[in-house]
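Here's the structure we're looking at; comments come further down.
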Amino acid sequence: MSASTTAPSPLQGVKVIELSHLIAGPYCGQLLAEEGATVIKVEPPEGELTRHREPMRRNGDQEISGYFGALNRGKQSVCLDLKNKQGIDTLHQLLAGSDVLLTNMRGGALKRLGLYPEDLIKRYPRLIVACISGFGLQNAGKYTEVAGLAMVAEAMSGTTSLTRDHEGNPVWCGFAMGDILAGMTAHSAILLALRNQAQHGLGRVLDLSMVECSLPMVSVALAREQSASAELRAFAGSNNFHGVPYGAFPASDGFVNIGVNRDDFWARLCNAMDRPELGTDERYAKYVERAKRQHEVHGITEAFTRQFTRDEIVNKLNAVDVPVASILNMNELTEHDYMQLRGSLRTVRDGIGGTMQLPIDATRFEPVPGSDLVPLLGEHRDAVLRRELNLSAQDIERLMEEGAFGKTPALASVA
């Protein structure tokens, strides 16, 4: 067993209030929870948005959304009505004893609730306020209150312009890349801010824009564009200088990705295709020439790949050391031998008696006990309020009567 699995959890003792929904904020909070932080997820009485997104898992009268389950394990759920005076006062009491507030609510909503980051820092000088939004809260002009879905950030950051079919047309990547990038960036920023907090006792507003969090993905393409001549840009290829052939190609049972980003890889691919003469053919031997004739090259490559299964293509190209992989679907992913060998997935309890296979925290710090469990709505309300605010059962009952938890009865723990 490595030292990293026997050492205390790196974020043990850190308290996080998560006021988030959908993907970016919840993913960041989940990482923090797995790494040892106490993450209290404050939800509206009806639960955060993804609790109600299909497909749903059901067991009797209980249900859990797969969407929610993918991003919220290891957290403690408390429902508060933040439009109610007692509800917002309870949140402030929690914030007073916390290290981090993590939110992806829009700035306007935070202002209406009296939770604008700059105001919170004045009230709680050591608090780290991590705000994820589409375009940022400061210096964003007309974009400040514009809806910022991941695909919007991907378009604005130029990443979608680089996700192209073989004709060069932009194609949405098919998943919330911008959200995950923002969640990962927020995670890194919070770790840095925690170090600053520990050393100097200072809080900080982390103003994280999904557009800016996505920009590093285009760094190489941006530099290439500024370095290439007009002549070279004219035939850069459908994937902006990455290589030709490069991308997805059809097999007899699905698709494979092939990456020929060096001329010697092209020669090796030609050998694997039993077309060695093409490796030295002056029309194809160099990248620039292949880029000029990319449709021809794609046709040659596709004629080869269509004859074989994915496994056969992978074996042939691995034998000559050309980068290749089968394009796996979600069902294949969980059964793949690489995932099994690496332990890349962990079993997560969905809270209603079932399990899911989901990605591990790739840092490979040992996840804390209980971080495999998805919380039910409001499940930890009483336990959190007793532990964090020293409230009695009578105090909690009073808050309930005063509407702090909203009109929708949320499940409260009895432990």
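The values are calculated or read from the model by the stated rules, or taken from the named source; none is laboratory data. These figures come from a predicted structure and were not determined experimentally. Note that each Cβ is placed from the backbone with ideal geometry, even for glycine, and that neighbours are counted across all protein chains shown. What goes into the accessible areas is simple: the full protein's heavy atoms, side chains included, and nothing from ligands, DNA or RNA. Shrake-Rupley method; radii C 1.70, N 1.55, O 1.52, S 1.80 Å.
Over the Cα atoms of the chain, what is the Rg over Rh ratio if Rh follows Kirkwood?
In the chain, Rg relative to Rh is 1.05.
Taking K and R as +1 and D and E as -1, what net charge do the other residues with C-beta under 14 Å from the C-beta of T305 add up to?
It works out to a net charge of -1.
Counting only protein chains, not ligands or nucleic acids, how are E282, E388 ordered by accessible area (probe 1.4 Å), most first?
Solvent-accessible surface, decreasing: E282, E388.
State the extension gain, in nm to one decimal, for the chain segment bounded by R364 and A198, taking 0.36 nm per residue of separation less the distance between their alpha-carbons.
Gain on stretching R364 to A198: 57.4 nm.
How many lysine pairs does the chain hold where the Cα atoms are under 18 Å apart and the two sit 8 or more places apart or on different chains?
10
In region 35-112, what percent of the accessible surface is made up of carbon and sulfur (1.4 Å probe, ligands and nucleic acids excluded)? Show your work: numbers first, answer last.
On the way: 1450 of 3120 Å².
Solvent-exposed carbon and sulfur of region 35-112 make up 46 percent of the total.
Stokes-Einstein at 25 °C, 0.890 mPa s, Kirkwood radius from Cα pairs: D for region 230-381 in µm² s⁻¹?
134 µm²/s
Taking the chain as a Gaussian network, where each spring joins two C-alpha atoms under 10 Å apart, which residue of M400, M330, M217 fluctuates the most?
Greatest mean-square fluctuation among the candidates belongs to M330.
Roughly what would the spin-label model give for R58 and K83, points 7 Å off Cα along C-beta, in nm?
Rounded to a tenth, the inter-label distance reads 2.9 nm.
Which percent of Cα-Cα pairs in region 101-177 sits in each 5 Å bin, short to long?
3, 14, 20, 18, 14, 11, 8, 5, 3, 2, 1, 0
Quick one: Karplus J couplings for region 146-155, per residue in order, coefficients 6.51, -1.76, 1.60, θ = phi - 60°, nearest Hz, x for Gly and Pro?
For region 146-155, the Karplus-derived couplings read 6, 4, x, 4, 4, 5, 5, 5, 5, 5 Hz, x marking Gly and Pro.
Where does each of H380, H92 land when they are ordered by accessible area, with a 1.4 Å probe and the largest first?
H380, H92
Kyte-Doolittle cut-off 0.0, length cut-off 27 Å along the helix's own axis using Cα: show which whole DSSP H helices in the chain pass.
Helices meeting the criterion: 177-200.
Roughly how many debye, to the nearest 20, is the charge dipole of region 117-241 about its Cα centre, given +1 on each Lys and Arg Cβ, -1 on each Asp and Glu Cβ, and no other charges?
The dipole magnitude comes to about 520 debye.
What do you reckon, how do S252, S371 stack up by accessible area (1.4 Å probe), largest on top?
S252, S371
Quote the accessible area belonging to Y287 in square angstrom, nearest 10, computed with a 1.4 Å probe and with ligands, DNA and RNA left uncounted.
About 50 Å², ignoring ligands and nucleic acids.
Amide H neighbours of A37 under 5 Å, at least 5 residues apart or on other chains, H built in the peptide plane: list them.
L11
Distance in nm between label sites at K407 and S229, each 7 Å beyond Cα in the beta-carbon direction?
With each label placed 7 Å out from Cα toward Cβ, I get 7.1 nm.
To the nearest 20 Debye, how big is the dipole of region 18-82 about its Cα centre, given +1 on the beta carbon of each Lys and Arg and -1 on that of each Asp and Glu?
Dipole of region 18-82, to the nearest 20 debye: 180 debye.
Under a crude label model (7 Å from the Cα following the beta-carbon direction), how far is R293 from E335 in nanometres?
Using points 7 Å along Cα→Cβ, the separation is 4.2 nm.
Find the accessible area per residue for the chain; the probe is 1.4 Å, ligands and nucleic acids are left out, and the unit is Å². Don't jump to the answer; show the numbers that get you there.
Numbers: 20670 Å² over 415 residues.
For the chain, the solvent-accessible area averages 50 Å² per residue.
How would you classify region 1-127 from its alpha-carbon gyration tensor, with a ≥ b ≥ c the square roots of the eigenvalues: rounded for a/c under 1.5, else prolate if a/b is greater than b/c, otherwise oblate? It would help to have the intermediate numbers written out before the result.
On the way: a/c = 2.05, a/b = 1.07, b/c = 1.91.
In terms of gyration-tensor shape, oblate.
Can you give the charge dipole size of region 43-117 about its Cα centre, rounded to the nearest 20 debye, using +1 on the beta carbon of Lys and Arg and -1 on the beta carbon of Asp and Glu?
220 debye
Would you mind calculating the gained length between N315 and I352 on full extension (0.36 nm times residue separation, minus the Cα-Cα distance), in nm to one decimal? Numbers along the way, then the final one.
On the way: separation 37, 0.36 × 37 = 13.32 nm, distance 4.22 nm.
Separation in residues times 0.36 nm, less the Cα-Cα distance, equals 9.1 nm.
Putting +1 on Lys and Arg Cβ atoms and -1 on Asp and Glu Cβ atoms, find which of L91, L110, F68 reaches farthest to the positive end of the dipole of region 63-146.
L110
Expressed as a whole percentage, what fraction of the accessible surface of region 140-237 belongs to carbon and sulfur atoms when a 1.4 Å probe is rolled over the protein heavy atoms?
Heavy-atom surface of region 140-237 belonging to carbon and sulfur, 1.4 Å probe: 61 percent.
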